[in-house]
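The values are calculated or read from the model by the stated rules, or taken from the named source; none is laboratory data. Just so you know, these numbers come straight off a predicted model, no measurement behind them. Backbone-built Cβ (ideal geometry, glycine too); neighbour counts: all protein chains shown.
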Amino acid sequence: MAKAPVSEEALKEQFGPHLNYVPPGGWKDESIHPAEKLVKTHCCFCGQQCGIQLKVRKNRIIGFEPWEDFPFNHGMLCPKGVKRYMQSGHPDRLLAPMMRRTDGFQPATWDECLDFTVGRIRDIQGKYGKDAFAVYGGASLSTEKSYLLGKFARVALGTRHIDYNGRLCMVSAGTAYKLAFGIDRSTIPWSEIPKAEVLFVIGANVGECAPITTDYIWQCRDNGGRLIVADPRMTPITRNADLYLPLRPGTDLALLLGMLHVILHDGLEDREFISRYTTGFEDVAADAKQWDPRRSAEMTGVPPEAIEKAARWIGKSKRAILMHARGLEHQSKGVENCSAIVNIALATGNIGREGSGPTMITGQGNGQGGREHGQKCDQLPGQRSLTDPAAREYVAGIWGIRPEELPQPGYSAQEIMNAIHSGEIRGLLSMCFNPLVSLPDANFTREALSKLEFLGVVDFFMSETAHHADVVLAGSLHEEEDGLGCSAEGRVIHWQKSIDPPGQARCDSDIIIDIAHRLGRGQYFPFKSPADILEELRVASRGGVADYYGITYERIDKEKGIFWPCPDLKHPGTPILFADKRFYTHDGKAHFNKTEWRPSGDPIDQEYPLYLTTGRVVSQYLSGTQTRRIGALVDQYPEPRAELHPRLAQQLNIKDGDWVTVTTRRDDVTVRAMVVKTIRPDTVFIPYHWAGIRSANRLTHRTLDPRSKIPEFKVSACRIKHATNPDTSPDDREAHHNDAPRGGA
Amino acid sequence: MFGYEFYIDPSRCIGCRSCLQACEECETHRGKSMINFDFIERRESITSAAYVCWHCDEPTCAQVCPADAIKKGDDGIVHSSLKPRCIACSNCVLACPFGIPKMMEPEQQMMKCDMCYDRTSVGKRPMCATVCPSQALAYIRPEEIARRKEKPTNIFYFGEQKITTKVFMMAPAERDAIALDVVDYMWEEKHELAVAIE
């Protein structure tokens, strides 16, 4: 609530981010002793979910050993994975729950913190109604925790409003896939990638954001496959692209419609597949007719010949895989964009067979599993709809409540923040989410946080959002609690507990269960362990699309992961979806979906003539709560830079390393320039992992895709100029933008 | 490890520096990375390259060492300088045609990649090649590398100096050695030679 209790400098001094460069005890001390055990688990820093073995000694993680038998990554790791273990035993780690006092955050007892939390929940809900209290979850939580949080919001709090930071990840893709196929999952496992004749990668910086996928792509090229990359920036995989399409930010739909136009014009569609297994083709074909390559080229800035070539390579190939990630999805027409990809796959019959299919590259640690079992605002376990009467009755039955007690769908992540700002929502419990860094329009987020009457945060480090909290509950790291994850492939995996939480920190699920008990709802939360939660989750998901009934920790350990759906204990899992050409839709067919072109929510004009786009770097993860504390990763890319093309730089007399100010309709941010020929001259790129004065999300806007509610991080209008009197201090503290006046209680 | 070879293919490198980060985890030089890494010219392109030591059959570094501190094992691994012998003169640093040895401060000792001797000697793959996400650094069997389009070679020419190495470099399929001479690509040279012989 309100502004931070003491200055940002003081909070930083106390809670970091400080940089940890060494294992526990230093390079030459405890970490050189043999490990007591090697625990097979996974990296926590992205949706690839690479297998890794953590070296454990005296309840500390002292290093890692590659896990070469794990079938996804065979021991491969990106730098985040290599340094993943350095988050454990970090000096910034919260070792006790903290209460906000007038002189800052002070350690307190769990009883005081939790009773205070429960008291505030009761006050706020009593005064303003159940829905005045909201819950934020995160897509780096285990599937059990995600399930628990959804049940907690609906059964213990009775609020409509729970959503999670996966809303900022790939929800537009999920919505498009549900519309087309009735299921929200990549259609193939990664082992299919090397079999494709053509790989079309759009809006996906694979080399930096999904590094292990690179090896699969290179294998495809070794086998003679051709790689097409569409992106406003030449990302690392572009070095070996057979065709590069440098499209303008926000024009992906125009590119894809142009490609579909060429496919249909040339008669390269799969007529038999379309007529037997799909609906809605005629409408989509009629629409694509309007998008000849010339029109598409004018909109995208990609030569018409290149658009034709890409379309023909896909259309003429026997097997094409169409991969996409945030570049395509983080747009106010994100669902349209992803539907357009699906439409090309369906038109060419590239689905349900080997080496082909549309593929979303989910980005967050448990981005897939975290969205399947109930922390989304409109969903119940098993990817069931919260508005489906049969689903409500089934899940209510498992939970031991009446269906009418289940709240209706609530607001999505950004809408919750909007409702906090407007005063409709007064209290928030946030776990595994750092909205001050990760939501768009950070100044708005800060204002909203200042209006909360209560903010409770569960986290292992003091995130920038936690600075605004009334109570900070010291939770657990990935390696401190058993649980399931689900990788971008749809492979359900086991995060093995390696160590206990240090100090008085507690497991995340214990904290939520304890609060539920103190709220008098303990009878619905009898869980003693994650295994208990999984038992209920399996049953709750049973019969749903994301059916986990056949999945247990023991099976996963033995089989090195199981692809859902897996409806019973004998079922082998489902690596390739739709192999029988049956889709999860009401009629069993795949649906073409018409797409409507519309401009970005933050269009360029004379005052803001350039595109700003944001994204990740290989050495940082999401809002940086973890990775901005790991020295080796910070050194690799210490602070955000604005990438711009030499042609633009020359016009503005900007040289590499100069301080530049990037201004949008929200705010301005001053960072150093990085002058590179690998970006379009009309586009500026800034990575978003940082807080404070150089936070890229001060610049982004809150326009949402109307159906999926994903923000448009990838397209803002901006201008750039030489900075006058830049603040060159190296840290990421808050400066000239102070907190809004204190509001509420 | 028996039957495995080390292959370097810079064309696969994505610049992630996972190799650098993983190298410093190794038992014999903890906290110090022995990988050589460069963006070729970041302003111009995203092209990057990571290298380990090539482990020459006749190591120049050892040949120029006045203290006889650099030893090659029977397995072909060229090791860091022997601490008691090394006089930190940097002859090896200057002489290596690949630019591999590093003079470490404050140890005052030349250290270099030993292909994770501590790991390979007990049946594990070297750290960098195990983690490399793009397999630009790969420690695999020859039959596995044969699936790639490029061809491995371990013959390098530096001026008149011919060097053969333990580590392989991936080269275009039509090349037998790493040497760059415009003459090799000229038609008239071969043509004239052919005419002269006739």
### Query
Name the pairs whose Cβ atoms lie under 8 Å apart, with the first residue in segment A:361-386 and in contact (Cβ under 8 Å) with a residue 60 or more places away in the chain and on the phi > 0 side of the Ramachandran plot, the second in a loop (DSSP other than H, G, I, E, B) and of a type in the set (Gly, Ala, Ser), and 6 or more positions between them or separate chains?
A:Gly382/A:Gly543; A:Gly382/A:Gly544; A:Gly382/A:Ala546; A:Gln383/A:Gly544; A:Gln383/A:Ala546
### Message
Given the options A:Ala391, A:Ala396, name the one that is without any contact (Cβ under 8 Å) to a residue 40 or more places away in the chain, over 29 Å from A:Gln49 (Cα atoms), assigned to a helix (DSSP H, G or I) and small (Gly, Ala, Ser).
### Response
A:Ala396
### Message
Checking the structure you have, find out if any residue of segment A:175-185 is touching a Ser or Thr at 6+ places or on another chain (Cβ under 9 Å), within 23 Å of B:Arg12 (Cβ to Cβ) and assigned to a loop (DSSP other than H, G, I, E, B).
### Response
no
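One line per residue, one yes/no per condition, for (1) part of a loop (DSSP other than H, G, I, E, B); (2) free of Cβ contacts under 8 Å to residues at least 60 places away in the same chain:
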residue	(1), (2)
A:Pro5	yes, no
A:Pro23	yes, no
A:Trp27	yes, yes
A:Gln49	yes, no
A:Lys55	no, yes
A:Glu65	no, yes
A:Pro71	yes, no
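Would a scan of segment B:96-116 turn up a residue that is under 24 Å from A:Trp27 (Cα atoms), acidic (Asp, Glu), more than 14 Å from chain A (Cβ to nearest Cβ) and surrounded by 14 or more Cβ atoms within 10 Å (Cβ to Cβ)?
The answer is yes; a qualifying residue exists.
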### Given (1) away from every other protein chain (no Cβ under 14 Å); (2) of a type in the set (A, V, I, L, M, F, W, C); (3) in contact with a Lys or Arg (Cβ under 8 Å, 6 or more places away or on another chain), number of the condition A:Val676 does not satisfy
(1)
### Task
Of all residues in segment A:16-43, count the ones that are in contact with a strand residue (DSSP E or B) (Cβ under 8 Å, 6 or more places away or on another chain) and of a type in the set (A, V, I, L, M, F, W, C).
5
### Query
Tally time: how many residues in segment B:137-193 are of a type in the set (Ser, Thr, Tyr), out of contact with any Asp or Glu (no Cβ under 7 Å at 6 or more places or on another chain) and in a strand (DSSP E or B)?
2
### Summary
Expected single match for surrounded by fewer than 22 Cβ atoms within 10 Å (Cβ to Cβ) and under 20 Å from A:Val676 (Cβ atoms) among B:Asp38, B:Asp57 is B:Asp38
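Select from segment B:145-174 the residues that are buried (at least 16 other Cβ atoms within 10 Å of the Cβ) and more than 15 Å from the chain's Cα centre (by Cα) and list them in ascending order.
B:Ile145, B:Arg148, B:Glu150, B:Lys151
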### Query
Out of all the residues in segment B:1-8, is one or more modelled with pLDDT under 90 and of a type outside the set (Phe, Trp, Tyr)?
yes
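This table checks each residue for (1) in a helix (DSSP H, G or I); (2) away from chain A (no Cβ under 14 Å); (3) within 30 Å of A:Asp635 (Cβ to Cβ).
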position	(1), (2), (3)
B:Met34	no, yes, yes
B:Ala50	no, no, yes
B:Asp75	no, yes, no
B:Pro84	no, yes, no
### Query
How about segment A:7-21: which of its residues are among the hydroxyl-bearing types (Ser, Thr, Tyr) and free of Cβ contacts under 8 Å to residues at least 12 places away in the same chain?
A:Ser7
### Task
Please name all residue pairs, on different chains or six or more residues apart, with Cβ atoms under 7 Å, provided the first residue is in segment B:3-29 and is aliphatic (A, V, I, L, M) and the second residue is in a helix (DSSP H, G or I).
B:Ile14/A:Gly207; B:Ile14/A:Thr214; B:Ile14/A:Pro236; B:Ile14/A:Ile237; B:Ala22/A:Val82; B:Ala22/B:Met127; B:Ala22/B:Cys128; B:Ala22/B:Val131
### Query
Given the structure, is A:Ala340 within 18 Å of A:Lys589 (Cα to Cα), under 27 Å from the mean Cα position of the chain (by Cα) and surrounded by 18 or more Cβ atoms within 10 Å (Cβ to Cβ)?
yes
### Task
Looking at (1) in a helix (DSSP H, G or I); (2) over 19 Å from the mean Cα position of the chain (by Cα), find the lone condition where B:Cys92 falls short.
(2)
### Query
Which of the residues spanning segment B:1-28 are outside any loop (DSSP other than H, G, I, E, B), more than 14 Å from the chain's Cα centre (by Cα) and surrounded by 21 or more Cβ atoms within 10 Å (Cβ to Cβ)?
B:Arg12, B:Ser18, B:Gln21, B:Ala22, B:Cys23
### Task
Report yes if some residue within segment A:244-252 is touching a Gly at 6+ places or on another chain (Cβ under 8 Å), within 14 Å of chain B (Cβ to nearest Cβ) and not in a helix (DSSP H, G or I); otherwise report no.
yes
### Query
Of the residues A:Thr613, A:Thr625, A:Thr585, which is farther than 30 Å from A:Ile188 by Cβ and in contact (Cβ under 8 Å) with a residue 24 or more places away in the chain?
A:Thr625
### Message
Where the second residue is basic (Lys, Arg) and not in a loop (DSSP other than H, G, I, E, B) and the first is in contact (Cβ under 8 Å) with a residue 24 or more places away in the chain and lies in segment A:525-549, which pairs have Cβ atoms under 6 Å and are six or more apart or on separate chains?
### Response
A:Gly544/A:Arg384; A:Tyr548/A:Arg538
### Message
Taking the criterion of being polar (S, T, N, Q), over 20 Å from A:Gln620 (Cβ atoms), in contact with a helix residue (DSSP H, G or I) (Cβ under 7 Å, 6 or more places away or on another chain) and facing another protein chain (nearest Cβ under 8 Å), would at least one residue in segment B:14-29 satisfy it?
### Response
no
### Query
Only one of (1) closer than 28 Å to A:Ile193 by Cβ; (2) at pLDDT 95 or above fails for A:Gly352. Which number is that?
(2)
#### Entry: Pairs, first in the same structural domain as A:Arg518 (by TED's automatic domain parsing) and hydroxyl-bearing (Ser, Thr, Tyr) in segment A:112-125, second modelled with pLDDT of 95 or more and surrounded by 14 or more Cβ atoms within 10 Å (Cβ to Cβ), C-beta under 7 Å, six or more apart
A:Thr117/A:Gly456; A:Thr117/A:Val471; A:Thr117/A:Ile515
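Could you tell me whether segment A:197-206 includes any residue that is assigned to a loop (DSSP other than H, G, I, E, B) and over 25 Å from the mean Cα position of the chain (by Cα)?
Checking segment A:197-206: at least one residue is assigned to a loop (DSSP other than H, G, I, E, B) and over 25 Å from the mean Cα position of the chain (by Cα).
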### Message
Conditions first: (1) within 14 Å of another protein chain (Cβ to nearest Cβ); (2) surrounded by 17 or more Cβ atoms within 10 Å (Cβ to Cβ); (3) free of Cβ contacts under 8 Å to residues at least 40 places away in the same chain. A:Val669 passes all but one, so which condition is the exception?
### Response
(1)
### Task
Look through A:Ile202, A:Ile237, A:Ile217, A:Ile212 and report the one residue that is surrounded by 23 or more Cβ atoms within 10 Å (Cβ to Cβ), of a type in the set (Val, Ile, Thr) and more than 12 Å from chain B (Cβ to nearest Cβ).
A:Ile202
#### Entry: Scope segment B:139-190; condition in contact with a Cys (Cβ under 6 Å, 6 or more places away or on another chain) and closer than 23 Å to B:Cys13 by Cα; matching residues
B:Thr165
